[in-house]
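What follows draws every value from the coordinates through simple rules; no lab data is involved. Computed from a predicted structure; not experimentally measured. Heads up, the Cβs are rebuilt from the backbone with ideal geometry, glycines too, and the neighbour counts pull from every protein chain shown.
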Amino acid sequence: MKERYVVDTNVLIAASAADPLHPKDIDATPADPELRRQVWQWLRQFRESSARLVLDQQQEIYREYRHKLDGNDYGLQVVIHKLSTCAADIVSVAYDADGNALLPSPLETVVQDRSDRKMVAACLASIRLQRPCLIAFAGDTDWHDWEEALREHGVELEPIIEAWSRRRHAEKQHR
């Protein structure tokens, strides 16, 4: 476990679907219960660790979490735990008039998923403050498309179920 993470929403959703105490019947990727369990285990380790959660001051990341999950979902409970134990770093992110996070110009053209831009912007903001940060993801393979460009800007990724996500990404590339 690293020191600091922006956690993509798909991690929270998959972990909530696999929560052994309160599993939720929600649409989550991956569908495989074993892979979901691996995501849940990572999130459980994150919760119990000293690793910090990075969120934007404008609360757009948290708003996305709340839109996809409710207070009984394990993923959101982990976020609330990090916030309530002062284990979260709040960073400033600039947004445009449409509510999309602003990125350095090379990344604007690379990160096409506008909802993921806020995750990248928050990670970059943490790095600018001399606080190393990674983006953890699970079911969204688009991150692999952007991996090289993100690395050039100092953003590292942590694919939680890497073998699955790389295989699925390769399959999408061959379509």
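This structure gives Kirkwood radius over Cα pairs in Å, computed directly, and of (1) 16.2; (2) 20.0; (3) 16.9 that value is listed as (1). Measuring between their Cα centroids, the stretch 17-61 and the stretch 116-175 lie 16 Å from each other.
Note on Lys2 and Gln173: their simple-model spin labels are 2.1 nm apart, each label 7 Å out from Cα toward Cβ.
A full extension of the chain between Asp142 and Thr109 corresponds to an added length of 10.5 nm, given 0.36 nm per residue minus the alpha carbon distance. With the simple spin-label model, which puts each label point 7 Å out from Cα in the Cβ direction, the Asp70 to Gln41 separation comes to 3.0 nm. Applying a DSSP loop filter and a limit of 14 other Cβ atoms within 10 Å to the trypsin sites (Lys or Arg not before Pro) in the stretch 1-94 leaves Lys2. Between Ile80 and Glu162, the contour length at 0.36 nm per residue exceeds the Cα-Cα span by 26.9 nm. Measuring nothing but how far apart in sequence close Cα pairs (under 8 Å, 6+ apart) lie, relative to its length, the stretch 4-173 scores a relative contact order of 27 percent. Maximal additional length on extending the His153-Gln59 stretch stands at 31.5 nm, based on 0.36 nm per residue less the C-alpha distance.
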